[in-house]
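Inspection log for the structure reproduced underneath, given as structure tokens.
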Amino acid sequence: MDIRVTHPQEIETWLERNLMRVQKPGRYVGGELNQVVKDWSSIPIKVALVFPDIYEIGVPNLALTILYEAINQRPDALAERAYLPWTDMEDLMRAAGIPIYGLETKHPLGQFDIIGITLPYETLYTNVLNLLDLAGIPLLSAERRADHPLIIAGGHATFNPEPMAPFIDAFVIGEGEEVIHELLDTYKAWKFRSGNREDLLLSLLGIPGVYIPRFYVPHYHADGTLQSIQPTTETAPAIVHKRIVGRLPAPPTRPIVPAIDVVHNRIAIEIMRGCTRGCRFCHAGMVTRPVRERSVEEILNSIRQALQNTGYEEVALLSLSSSDYSQITHLVERVSQEATQQHLVVSLPSLRIETVSVELMDRLKGKRQSRSFTLAPEAATDRMRAVINKPIETHQLLETARAIYQHGWTKIKLYFMIGHPTETLDDVRAIAEVSRQVLAEGRRMVGHRASLHLGVSTFVPKPHTPFQWLPCDTPELIQIKQRALLEALRGSGIKINWTDPQETLLEAWLSRGDRRMAEVIYYAWKLGAKFDAWHDYFDYEKWMIAFQMANLDPAFYTHRQRDLEEIFPWDHINPGVRKAYLKQEYLNSLQGILRPDCRQQCYACGILPTYKELRRRYPGQHWKCPEVTVHART
Amino acid sequence: MLQRFRIDYAKTQPLRYVSSLDLQKVWERYLRRAGLPLAYSHGFSPQPRLQQAHPLPLGYLGAHELVDVWLESAAELLSAEVQKRLLITPQPGIEINHVESIPLEAPSLAKQVVAADYTVWLLDPADPSDLTERIARLLNTPSLTRERRGKTYDLRPLIESLALLTDHPGNLLALQMRLAAREGASGRPEEVIAALGLDPFAVRILRTRLLIEPSS
């Protein structure tokens with residue numbers, strides 16, 4: 001877009017004249033508690049951290065909270081924040097030539113040195129293009145010059161960076177706490193020697209975990225599958241290994257406290273990172289290994305500090321599987337003591353389906369209590385549970401449900417997935433059967449106050465998981481399954497939510513795409529696609545036209561069974577988990593072989609050999625991989 | 001022991017675009033940070049006892065806003081102590097003017113407010129003499145039917161005074177107005193601006209004070 005206003009003071013003046021014309025103007029002004037405002041003219045490195053959706057979704061993001069604190073603690077750098085304007089504001093900004101700006105000082109994004117974008121999920125991609133356009137920055141990395149900001153992206157979706165490769169200068173794969181400083185140091189050295197853009201990108205190649213797509217070229221077979229991705233320069237590593245920290249650093253305790261309501265308005269403390277359960281559909285469980293815990297004391301201290309710094313009335317203890325935190329009972333006991341004294345709501349998501357979880361939550365109830373209790377069985381038959389490696393027996397689920405209703409909760413939410421590999425209509429109907437049994441427990445306990453909500457999403461085989469070889473159900477099949485489930489639930493009084501099959505397909509082709517997908521994303525954006533994660537905004541037709549314009553077939557990405565030997569567009573990005581392990585797990589799933597918690601027994605996923613030096617530098621109980629003798633592979 | 005304090009504060013730029021509902025949360029967190037133990041209502045979901053006088057609409061600034069808070073602590077708190085603690089952990093967008101202890105049984109603020117004074121700056125250039133004329137014409141009209149949120153009402157009786165500020169510093173023109181602010185009969189400055197034929201969005205509105213009827 002054509003930028004006509006570039007001075008922060010002029011942007012402020014324009015804002016005051018226009019903010020009352022848009023919904024929720026509080027999104028666009030900054031000034032919140034714990035915002036850090038540094039002197040623009042004297043700080044050499046200026047970073048804009050962007051969550052590519054609106055303020056309310058972006059502010060609670062933990063990755064950006066961590067980076068904001070880390071960057072602003074450096075005397076030589078500043079970090080500001082930016083989020084996408086909602087469409088009413090975007091229209092006004094475009095009409096007036098107002099660029100997207102940093103909330104702290106209202107400098108246009110184009111005046112920052114670095115723009116760091118987090119991509120936790122794929123449906124944000126068109127928003128990234130919109131962001132660059134609203135900043136007046138060329139969309140294609142190849143078209144940017146030395147005076148344009150360096151565009152960096154990280155986050156879970158970037159474990160397959162290829163669909164966004166032409167738009168991003170450098171991807172940072174994995175955890176950002178350490179690599180951010182290496183990036184800033186390298187950038188600063190380049191800035192002081194006034195090099196060109198090529199020089200900057202080449203120097204970034206020296207940082208482990210950094211992937212610069214410009215230095216790689218994909219070659220394809222005639223059938224459209226990948227032949228290879230080749231580095232084009234000697235210093236570009238053939239395989240980019242994700243970065244991890246050997247020990248989790250202290251969590252951020254001075255987060256931004258927004259004055260308007262946002263999706264998660266609370267203190268978030270990560271109690272551990274990674275998961276040892278090995279559910280075969282789970283992307284996070286594969287890419288965040290190994291499990292590393294924080295100590296109970298560290299967590300409690302962080303909560304106390306954060307409460308003092310924010311005044312929040314709610315704390316969330318985050319992890320992928322809270323029940324697996326080794327000191328969970330002790331932690332809950334200590335936290336609940338503080339909670340009752342302070343009218344604090346404590347949430348503990350991702351609990352296992354067992355009665356112990358109910359006792360834990362019961363301790364945390366305090367004086368205020370959420371009315372619903374959430375569990376995620378994911379599948380309803382033993383066969384299906386063995387396929388996905390999440391073995392929860394129905395009687396265990398029913399016992400847990402009984403305990404939940406017994407302890408005073410009246411509403412249970414159950415998360416299931418349809419579209420699992422080898423799933424039949426009987427497996428789908430079993431979801432209704434199990435759900436009816438759960439609600440019956442509630443009716444026995446608390447009568448008609450008992451209620452049950454189902455969230456039924458549709459499985460998308462994700463890169464770097466044992467299911468990466470599999471196709472996704474067709475929209476027709478998804479609809480048949482959804483209808484069968486609805487039919488089986490009729491008259492039960494159970495409420496149900498599910499994912500629109502077309503949204504599932506979007507997620508599927510974006511997450512599994514190769515570099516050619518970038519053209520589809522570009523055309524979709526050109527046609528007006530944005531806010532694809534918003535149900536009311538997502539427009540399937542635009543994407544279908546974009547596929548035609550790019551001369552690509554969406555089914556190639558979504559509905560194709562991959563050959564076991566196929567080279568994937570994300571194979572040169574290594575999350576520490578070996579492809580051979582994923583393949584073995586895929587074959588295990590087909591035979592219904594279970595792989596229990598890997599803290600008890602190592603299945604050689606690859607983490608220990610990949611990070612053996614790091615492990616040696618950070619010994620101790622905080623890593624949950626069992627001790628195994630690691631032989632260097634030759 | 002339970003005590004009630006009335007806090008007179010200014011709502012400044014950082015909280016300008018925050019609704020009174022969200023402001024309730026801001027206050028709750030502010031008091032928590034200050035270590036002031038808010039009293040909670042009883043019942044299934046206890047609510048903090050915190051009462052704003054007359055909600056300041058989104059987009060307005062306030063020079064002397066009022067909020068009543070109920071605190072429950074072991075020992076008696078002095079208003080000076082409350083004020084001191086609030087100043088130690090400042091909240092962007094809230095500037096404390098004054099804290100006073102008031103009787104628990106004092107009538108609610110909402111019932112006592114009768115009118116409010118506003119200063120409204122026009123962000124667009126305007127001709128002062130033309131504006132003076134428009135004001136005179138508006139004040140001479142016996143009734144001003146306007147529509148808001150699908151309901152028609154008469155704005156004229158809600159305007160108690162309206163004048164151009166003549167000796168105002170700065171380069172923006174400003175109006176001074178006093179509007180009724182009773183429950184169910186409240187005038188909004190931007191409605192007056194619109195009735196004057198000006199852009200109701202291109203303004204900066206400061207509520208300078210709330211007028212309280214002495215309790216009978």
(request) Considering each residue of segment B:11-29, count those that are more than 7 Å from every other protein chain (Cβ to nearest Cβ), over 12 Å from A:V257 (Cβ atoms) and not in a loop (DSSP other than H, G, I, E, B), and give that number. (result) 6
(message) Taking the conditions exactly as written (at pLDDT 95 or above, more than 8 Å from every other protein chain (Cβ to nearest Cβ) and within 19 Å of A:Y83 (Cβ to Cβ)), does A:I54 satisfy them or not?
(response) yes
(message) For segment B:7-22, check the following and say yes or no: at least one residue is in contact with a helix residue (DSSP H, G or I) (Cβ under 6 Å, 6 or more places away or on another chain) and buried (at least 16 other Cβ atoms within 10 Å of the Cβ).
(response) yes
(message) Tell me the residue from B:L78, B:L87, B:L56 that is modelled with pLDDT under 95, among the hydrophobic types (A, V, I, L, M, F, W, C) and in the same structural domain as B:A10 (by TED's automatic domain parsing), please.
(response) B:L56
(message) If I ask for residues that are among the aromatic types (F, W, Y) and in a loop (DSSP other than H, G, I, E, B), which ones from segment A:91-123 would you list?
(response) A:F112, A:Y121
(message) For segment B:31-51, which positions are within 24 Å of A:L307 (Cβ to Cβ) and in contact with a Leu (Cβ under 7 Å, 6 or more places away or on another chain)?
(response) B:L31, B:A34, B:L36, B:P37, B:L38, B:A39, B:P48, B:R49, B:L50
(request) Please tell me if A:T340 is within 14 Å of chain B (Cβ to nearest Cβ), surrounded by fewer than 22 Cβ atoms within 10 Å (Cβ to Cβ), more than 29 Å from the chain's Cα centre (by Cα) and in contact (Cβ under 8 Å) with a residue 40 or more places away in the chain. (result) no
(request) Please state which of the following conditions B:R32 fails to meet, knowing it meets all the rest: (1) free of Cβ contacts under 8 Å to residues at least 60 places away in the same chain; (2) at the interface with chain A (Cβ under 8 Å from one of its Cβ atoms); (3) surrounded by fewer than 17 Cβ atoms within 10 Å (Cβ to Cβ). (result) (3)
(message) Quick check on segment A:264-294: of everything there that is out of contact with any helix residue (DSSP H, G or I) (no Cβ under 6 Å at 6 or more places or on another chain) and within 30 Å of B:L23 (Cβ to Cβ), which residue is modelled with the highest pLDDT?
(response) A:R266
(message) Restricting to segment A:22-53, count the residues that are free of Cβ contacts under 8 Å to residues at least 60 places away in the same chain and aliphatic (A, V, I, L, M).
(response) 1
(message) Looking only at segment A:240-261, filter to residues that are crowded, with 17+ Cβ neighbours inside 10 Å and of a type in the set (V, I, T); which one of those is farthest from A:L552 (Cα to Cα)?
(response) A:T253
(request) State whether the residues of segment B:64-86 include one that is hydrophobic (A, V, I, L, M, F, W, C) and under 30 Å from A:R17 (Cβ atoms). (result) yes
(message) For segment A:1-33, which positions are closer than 14 Å to A:W86 by Cα and either small (G, A, S) or more than 10 Å from chain B (Cβ to nearest Cβ) (or both)?
(response) A:Q23, A:G26
(message) Return the residues of segment A:280-312 that are crowded, with 20+ Cβ neighbours inside 10 Å and within 30 Å of A:L587 (Cα to Cα); say none if nothing qualifies.
(response) A:R280, A:F281, A:C282, A:H283, A:G285, A:M286, A:V287, A:T288, A:R289, A:P290, A:V291, A:R292
(message) For a quick check of your reading of the model, give me the residue pairs whose first member lies in segment A:226-239 and is exposed (fewer than 14 other Cβ atoms within 10 Å of the Cβ), whose second is aliphatic (A, V, I, L, M), with beta-carbon atoms closer than 8 Å and at least 6 apart or on different chains.
(response) A:Q227/A:I567; A:Q230/A:V217; A:T232/A:V217; A:T233/A:L202; A:T233/A:L205; A:T235/A:L202; A:T235/A:L205; A:I239/A:I573
(request) All but one of (1) surrounded by 17 or more Cβ atoms within 10 Å (Cβ to Cβ); (2) more than 19 Å from A:C279 (Cβ to Cβ); (3) at pLDDT 90 or above hold for A:L397, so report the exception by its number. (result) (2)
(request) Could you pull out the residue among B:P92, B:P107, B:P169, B:P125 that is in a loop (DSSP other than H, G, I, E, B) and modelled with pLDDT of 95 or more? (result) B:P92
(request) Test A:R578 against the stated conditions and say whether it is surrounded by fewer than 15 Cβ atoms within 10 Å (Cβ to Cβ) and under 21 Å from A:G209 (Cα atoms). (result) no
(request) Please report, ordered by residue number, the helices (runs of 4 or more DSSP H) entirely within segment A:1-90 with at least 3 residues that are aliphatic (A, V, I, L, M). (result) A:62-72
(message) Tell me which strands (runs of 3 or more DSSP E) are completely within segment A:154-243 and hold 1 or more residues being under 20 Å from A:A48 (Cα atoms), or say none if there are none.
(response) A:170-172
(message) When the residues of segment B:204-216 are narrowed to those that are touching a Gly at 6+ places or on another chain (Cβ under 9 Å) and of a type in the set (V, I, T), which ends up nearest to the other protein chains (Cβ to nearest Cβ)?
(response) B:I205
(message) A:L78 - would you say it is of a type in the set (A, V, I, L, M, F, W, C) and surrounded by fewer than 19 Cβ atoms within 10 Å (Cβ to Cβ)?
(response) no
(request) Considering each residue of segment A:405-436, count those that are surrounded by fewer than 17 Cβ atoms within 10 Å (Cβ to Cβ) and in contact with a Phe, Trp or Tyr (Cβ under 9 Å, 6 or more places away or on another chain), and give that number. (result) 2
(request) Restricting attention to segment B:143-194, report how many residues are more than 14 Å from chain A (Cβ to nearest Cβ), more than 20 Å from the chain's Cα centre (by Cα) and of a type in the set (S, T, N, Q). (result) 4
(request) Count, please, the residues in segment B:35-59 that happen to be in contact (Cβ under 8 Å) with a residue 60 or more places away in the chain and either at the interface with chain A (Cβ under 7 Å from one of its Cβ atoms) or in contact with a Pro (Cβ under 8 Å, 6 or more places away or on another chain) (or both). (result) 1
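Yes or no, residue by residue, for (1) of a type in the set (G, A, S); (2) modelled with pLDDT under 95:
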{"residue": "A:I496", "(1), (2)": "no, no"}
{"residue": "A:L506", "(1), (2)": "no, no"}
{"residue": "A:V520", "(1), (2)": "no, no"}
{"residue": "A:A524", "(1), (2)": "yes, no"}
{"residue": "A:D536", "(1), (2)": "no, yes"}
{"residue": "A:F547", "(1), (2)": "no, no"}
{"residue": "A:N551", "(1), (2)": "no, no"}
{"residue": "A:F556", "(1), (2)": "no, no"}
(message) Just to be sure before I move on: is B:E100 free of Cβ contacts under 8 Å to residues at least 12 places away in the same chain and either farther than 27 Å from A:W14 by Cα or outside any strand (DSSP E or B) (or both) in the structure I sent?
(response) no
(request) Would you list the helices (runs of 4 or more DSSP H) that sit entirely within segment A:553-634 and hold 1 or more residues that are among the hydroxyl-bearing types (S, T, Y)? (result) A:554-558, A:579-590, A:607-610
(request) Tell me, yes or no, whether segment B:90-112 has at least one residue that is surrounded by fewer than 20 Cβ atoms within 10 Å (Cβ to Cβ), within 14 Å of chain A (Cβ to nearest Cβ) and under 25 Å from A:L344 (Cβ atoms). (result) yes
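The values are calculated or read from the model by the stated rules, or taken from the named source; none is laboratory data. Computed from a predicted model, the values in this text were never measured in an experiment. For neighbour counting, all protein chains shown are included, and Cβ atoms are generated from backbone atoms with ideal geometry for every residue, glycine included.
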